[in-house]
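Below is one structure, written out as structure tokens, with a few remarks after it.
Read the figures in this text as sums done on the coordinates, not as results from a lab. This is a predicted model, so every value here is computed, not measured. Glycine also receives a Cβ, built like all others from the backbone with ideal geometry; neighbour counts cover every protein chain displayed.
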Amino acid sequence: MIRVDVSRRQILAPDGKLVGEMPALGPDTLRDMYRIMVLARTFDQRALNLQRQGRIGTFAPAAGQEASQVGAVFAMRRDEWLFPTYRSHPAMLAHGMPLDRLFLYPMAHPLGGVAPPGVAIYSVAISIAAHLPHAAGAAWASRIRRESKGFVALFGDGATSEGDFHEAMNFAGVFRAPLVFLCENNGWAISVPREHQTASETIAQKAVAYGFGGEVVDGNDVLAVYQATSEALERARAGEGPTLIEAQTYRLGPHTTADDPTRYRKPEELTEAERIDPILRLRLFLEGRDLWSEKEEAALRAEAQESVRAAYQKAQETPPMALGDLVPYVYAEVPPYLAAEREEMNGWRV
Amino acid sequence: MIRVDVSRRQILAPDGKLVGEMPALGPDTLRDMYRIMVLARTFDQRALNLQRQGRIGTFAPAAGQEASQVGAVFAMRRDEWLFPTYRSHPAMLAHGMPLDRLFLYPMAHPLGGVAPPGVAIYSVAISIAAHLPHAAGAAWASRIRRESKGFVALFGDGATSEGDFHEAMNFAGVFRAPLVFLCENNGWAISVPREHQTASETIAQKAVAYGFGGEVVDGNDVLAVYQATSEALERARAGEGPTLIEAQTYRLGPHTTADDPTRYRKPEELTEAERIDPILRLRLFLEGRDLWSEKEEAALRAEAQESVRAAYQKAQETPPMALGDLVPYVYAEVPPYLAAEREEMNGWRV
Amino acid sequence: MARMTMIQAINQALAQAMEADDRVLVMGEDVGRNGGVFRATDKLYDRFGPERAIDTPLAEGGIVGTAIGMAVYGLRPVAEIQFMGFTYQAFSQLVAQAARIRYRSLGQYTCPLVVRAPYGGGVRALELHSDTLEARVLHTPGLKFVTPATPRDAKGLLLAAIDDPDPVIVAEPLRLYRSHREEVPEERYTVPIGKARLAREGSDVTLVAWGSQVPTALEAAEAAEADGVSVEVIDLRTIVPMDQEAILASVRKTHRVVIVQEAPVIGGVGAEIAALVSERAILSLEAPPLRVGGYDMPYPPSAIEEQYLPSPERVRQAIDRVLAF
Amino acid sequence: MARMTMIQAINQALAQAMEADDRVLVMGEDVGRNGGVFRATDKLYDRFGPERAIDTPLAEGGIVGTAIGMAVYGLRPVAEIQFMGFTYQAFSQLVAQAARIRYRSLGQYTCPLVVRAPYGGGVRALELHSDTLEARVLHTPGLKFVTPATPRDAKGLLLAAIDDPDPVIVAEPLRLYRSHREEVPEERYTVPIGKARLAREGSDVTLVAWGSQVPTALEAAEAAEADGVSVEVIDLRTIVPMDQEAILASVRKTHRVVIVQEAPVIGGVGAEIAALVSERAILSLEAPPLRVGGYDMPYPPSAIEEQYLPSPERVRQAIDRVLAF
Ligand SMILES: Cc1ncc(C[n+]2csc(CCOP(=O)(O)OP(=O)(O)O)c2C)c(N)n1
Ligand SMILES: Cc1ncc(C[n+]2csc(CCOP(=O)(O)OP(=O)(O)O)c2C)c(N)n1
Ligand SMILES: [Mg+2]
Ligand SMILES: [Mg+2]
């Protein structure tokens, strides 16, 4: 008889009240979490606006998912690798990605989403779930090297249907890769609701198929996500293998700026989702403990606006790259025919 | 809390004693089961010998797995589709595949393994697990047509690692395809032991990931497999969706005639496996109920030898096909360039 | 006749096929309630219900793999892969499975499957969303591959694909989905698979193009015309099985050929056409067959895709080169 | 120097690479305790242990996908796919992932991965076990592809692949694994990727072949020699990046070229070579470039594979055709 506990870990209720065991986090860290979440939301809104104005390209908003991402990253050490997707800017921000690089991504600049040296963030996954075997392999390699490091891979509920998810989970289980599979179940894969993605009651229970632990977490509760990820990373670092965390959250915005969610979502859903907004929840908690004031809030909002403005400006000022500039990145050494093609490319730039 | 029962269904103990509830099977059916199992084993041994003599090509013995296959097929109606692999000749035989077509397969004749019209057996799967989405799709199509039919797909323990297995299971779960996923866990995928294939304690529990039922069955107990498959097929026909059955069995021979299992298996394993031989077990049971005699046994063995001999002869007498004969099967209509190539092929046949 | 965009023509073709034959169904990611991310399956869910306009889980291999099983079992699935770059995930099911169902079973089983997928760049899409796959299918006997360049052909080729008893990939040039409208017959009609279309008659040079590159070729042809060069443009329409005779006939007339493709040049469909022409019509050639295509690197971030994609100017330059040879 | 079969040379190369650099490991189905189904990794498990001679679960996508992660993280995995026909299952990881790690990250991440796989027919294997994939990789910038025709090259190319900072597929012709022995240097050496080998000098016709077809080409060349025809044979060795200059130089000398490949002709590597030659050396050509290859149908059941595979006779006929043109 195998028992799977799919009860949902929660520490903060939507009204900011403590309903679970508080993790050992000092006031500064709590405020830092809040700051990053607000910064991420500010970036998100600005990017959405810029896209609507036609100034940047397709963008996938993460609004609503800040807790599930920021909570997880706060459990990581800086040298531990994060494997993001197109919707992971809150996590990337928390793990050290400069804001301007986040703007460069929807601007389709080759530098978009590329982590500077020293920032342990892998390339942005576009092909759903294709990065999960890479994460499993990197984590496994770290284990072979006896490093005692934990890794975190982000992906959505839809991603769990791909063969790549399955193969990554199975390899991770067999080779005890120190990897946290962090599934942000935001209720939807574009227009496909979670219930239609798989017949399993939870995503977390999928871990049963691979012989390791899975857990459901309130993904709008940054403390719950932080705590669950911390424990999973501790196990990973200790050689106890992978964990699957299902962070139940909600995508407040459209799938991307090209999507019209009114075609498939009921307006009521949104009302409820706004009530459980992760940023609001953390703020209520901080305020309840006198760790946060109206004044601090106003200052933070202004500061976030300014950071985002400056980052966008920096992104705009980043020199464009030409096609020929990408030639050295096809192979370490440029083959003769590609060198000749580069001449041609450069010739067209008049 | 999700509970998974992974206790193992058994009806016959290795010594042929009844230890579970006897399914409603008359003496004739029980004897038929036994006959087919013996015929399959006889074919298997003959094919192995012919291969050793260089008369036929690579062959994958199924010895030891007769109960898991024959038990399952006896639960099927004739019009229900079976999806076999390279190791499914006992099942194919039980479902109506002529013996000579089974010989033609290792003889690499294009007709090898091709079911005659009216025999509901799909093409032999060579690419591991690639047939599982087809089985799910066919079963789903049958459900869309409101047919109330059940389908059975065979595969090994190794196959469960492939992405195709995962995607087939997930689709089947979501669309309640009337399909029985029958995994013959024979302990090995070539040289890789079951424990190394996946970290999950059982294969059966993988069903938890897809929201439907899984069960472990003693795969060397033809009655247990029959019963479990019958129940699963009943559910399938009633629109209750798929089931995963893990039939725990053992491959007595090499992976194929090209394999040398002494490189990776301990001899003790084989001694134990012979003790639990599925054919022996059914014979002991039948004898214990006075349903079978020494005389019947001798007659059956002779008859099986003769059937196999005649089938091999028929296979040898089957006219060979030339490459040009395959041209009409690339597309329904032969494209001009292929028609020209056929001329050339035929020209080379002097 | 109504004036329609390509996406409207596709939508109409699907609706008519589903109307006429209840074995036909559409399936894929977001094709049901949402009507497809490009609205190719718009309203089919409302009209035909969730069992015939099916939202599937997110797994391309599963989509194609289960659709194969459906097709073998007698239905007529039209599977959508959201972007052709994600058919890589279904590659084994397409190439090692769908292509061989008939062959492997000596005709006992067949696979009347259609896989539709938008492809090609020029619409500022993300990584992998612009890949084109025709060269990989060209080398896969057992599959067919068509790609329309006009709304009219989009409807006719799709209906021909649905009627076809073998698996057909229909590659829809994303940037032509809404780029222009043309008169499209209201009734159900088919455009034969395996036949190229003479998109423009000419006598000095042949351009061979397909799908997304047909407008580029036509534009280059017009520019050349202004300079007194008469350019013939062949819209291949079908990549497999290829209309070799149409290409050869044109080259035997014009004696010069330039092939325009969107995918990287090396190992692309253009290589096959150049090889075909030089094998079977070398004495007619007055210049080497030239290829204009994507550069031999992965598709770039879309900020610089214009530098990557063949342009009328690049085609024009190749025309000049074969004329000056 | 010892006389070795190709499989022995491969085994030695792996052992030496693992000896020299503890980042190197081998992984795949049955490569550990069993030493590989063809014994390419024989004894590596005993020598280097289960963490460096790794038996993986049965999932080609998982093998390549996790190996990518390992390579990015600084190891030097040499993954085996048991038969090249099963790289279809890993196609997305190879083509959409491994090939783009460097490009996508502007060099921040790299993927020094080697994928070895036996390929090709003539050994009476089952369905899909004989498929060859070079054409599909040819069209994939970012991947390299080599295929040895001799034990010596097998060792040197494999070691060069392991040293290479980018992903390299090493396609090993199954039927040459044990077909003959030759002197193979004991020490660690590399054969440069991207350079063809002049397998035989000649002046009347050039044969371009690679991997499994090199012996066929050489046999045809010898037969032609007996009739006074001097045949040059180029063993391409690397498919990507292709040694275009070696091909062009030979054709400029002999004026005639026949390409011999095992895969179906249409859309194969031969098409690229024919296109290259006709684009860049048409004035040197005194006959059309011809291709001899597998017929344009899936690989047949092995009872009739001899009718499918290129034979010295078929090559000889093509030689006669280009000479008589
Ligand atoms: C392999 C692949 N198939 C399809 C797509 C197109 N696509 C992009 S996002 C998406 C839905 C993803 O859903 P989920 O995994 O839940 O992540 P979310 O977008 O909700 O964060 C789809 C189908 C893709 N990018 N990659
Ligand atoms: C996709 C694929 N990968 C690899 C192989 C080679 N191969 C053939 S059988 C086999 C092991 C299969 O093990 P399992 O699924 O347990 O079935 P069994 O052979 O034990 O019946 C392997 C690796 C294959 N045929 N197809
Ligand atoms: Mg989602
Ligand atoms: Mg097995």
Out of D:Leu106, D:Leu128, D:Leu25, any idea which swings most in a Gaussian network model of chain D, alpha carbons joined below 10 Å?
-> D:Leu106
Value of relative contact order over chain D, rounded to a whole percent, pairs C-alpha under 8 Å and six or more apart | 16
Which order results if A:Glu274, B:Glu66, D:Glu80 are arranged by neighbouring Cβ count within 10 Å, fewest first?
-> A:Glu274, D:Glu80, B:Glu66
Between the stretch A:9-80 and the stretch B:82-143, the alpha-carbon center distance in angstrom = 53
Give, rounded to the nearest 20 debye, the magnitude of the charge dipole that the protein assembly as shown has about its Cα centre when Lys and Arg contribute +1 at Cβ and Asp and Glu contribute -1 at Cβ.
-> 440
At 0.36 nm per residue, minus the direct Cα-Cα distance, what do B:Gln45 and B:Glu234 gain on full extension? Give it in nm, one decimal, please.
-> 64.6 nm
Rounded to the nearest Å, what's the spacing between the alpha carbon centres of the stretch D:1-59 and the stretch C:99-141? Just the number, please.
-> 36
Cross-link reach from D:Lys144 to lysines, straight Cα distance under 21 Å and at least 8 residues apart if same chain, gives D:Lys155, D:Lys195
Other-copy label distances relative to C:Glu183, 7 angstrom Cα-Cβ extension, nm | 7.9
Checked chain B against the a/c 1.5 cut and the a/b vs b/c comparison, axes a ≥ b ≥ c from its Cα gyration tensor; verdict oblate
Distances from D:Ala324 to the same residue in each other copy, label points 7 Å out along Cα→Cβ, in nm, shortest first?
-> 4.1
Of every Cα-Cα pair in chain C, the percent that sits beyond 27 Å | 41
Quick one: Karplus J couplings for the stretch C:305-314, per residue in order, coefficients 6.51, -1.76, 1.60, θ = phi - 60°, nearest Hz, x for Gly and Pro?
-> 5, 4, 6, 8, 6, x, 10, x, 5, 5
Return the calculated 222 nm mean residue ellipticity for chain B, to the nearest 500 deg cm²/dmol, obtained by summing -39500 (n - 2.57) across DSSP H runs with n ≥ 4 and dividing by the residue count.
-> -13500 deg cm²/dmol
Counting helices only, and only those DSSP H runs with n ≥ 4, report the 222 nm mean residue ellipticity of chain C as the sum of -39,500 (n - 2.57) divided by its residues, in deg cm²/dmol to the nearest 500.
-> -9500 deg cm²/dmol
Within the stretch C:165-236, which GluC sites (Glu not before Pro) sit in a loop by DSSP and count at most 15 neighbouring Cβ atoms inside 10 Å?
-> C:Glu186, C:Glu187, C:Glu201
For the protein assembly as shown, alpha-carbon Rg and Dmax in angstrom = 30.8, 99
Averaged over peptide C:73-85, how many Cβ atoms belonging to another chain are found within 10 Å of each residue's Cβ?
-> 3
Using +1 on the beta carbon of Lys and Arg, -1 on that of Asp and Glu, and nothing else charged, what's the dipole of chain B about the Cα centre, debye to 20?
-> 260
Quote the relative contact order of the stretch C:197-324 in percent (integer), defining contacts as alpha-carbon pairs under 8 Å separated by 6+ residues.
-> 28
Averaging sequence separations of C-alpha pairs under 8 Å and six or more residues apart, then dividing by the length of the stretch B:1-123, give the relative contact order as a whole percent.
-> 20
Mind checking which chain A residue has its Cβ closest to the axis relating A to B, and how many whole Å off it is?
-> A:Gly163, 1
Nitroxide proxy distance, nm - points 7 Å out along Cα→Cβ at B:Lys314 and B:Met1 = 5.8
Specify the residue with the greatest mean-square fluctuation among A:Met92, A:Met33, A:Met22, computed from a Gaussian network of chain A linking alpha-carbon atoms under 10 Å apart.
-> A:Met22
Reachable aspartates and glutamates from B:Lys295, Cα under 19 Å, same-chain residues fewer than 8 places away excluded?
-> B:Asp28, B:Asp32, B:Glu287, B:Glu303, B:Glu306
Inter-part gap, Cα centre of the stretch B:302-331 to Cα centre of the stretch A:237-284, in whole angstrom, is 60
May I ask you to report, in nm to one decimal and beginning with the shortest, the distances from C:Leu106 to the same position in the other copies, taking label points 7 Å along Cα-to-Cβ?
-> 6.1
Based on Cβ point charges of +1 for Lys and Arg and -1 for Asp and Glu, what charge dipole magnitude is obtained for the stretch D:2-184 about its Cα centre, in debye rounded to the nearest 20?
-> 180
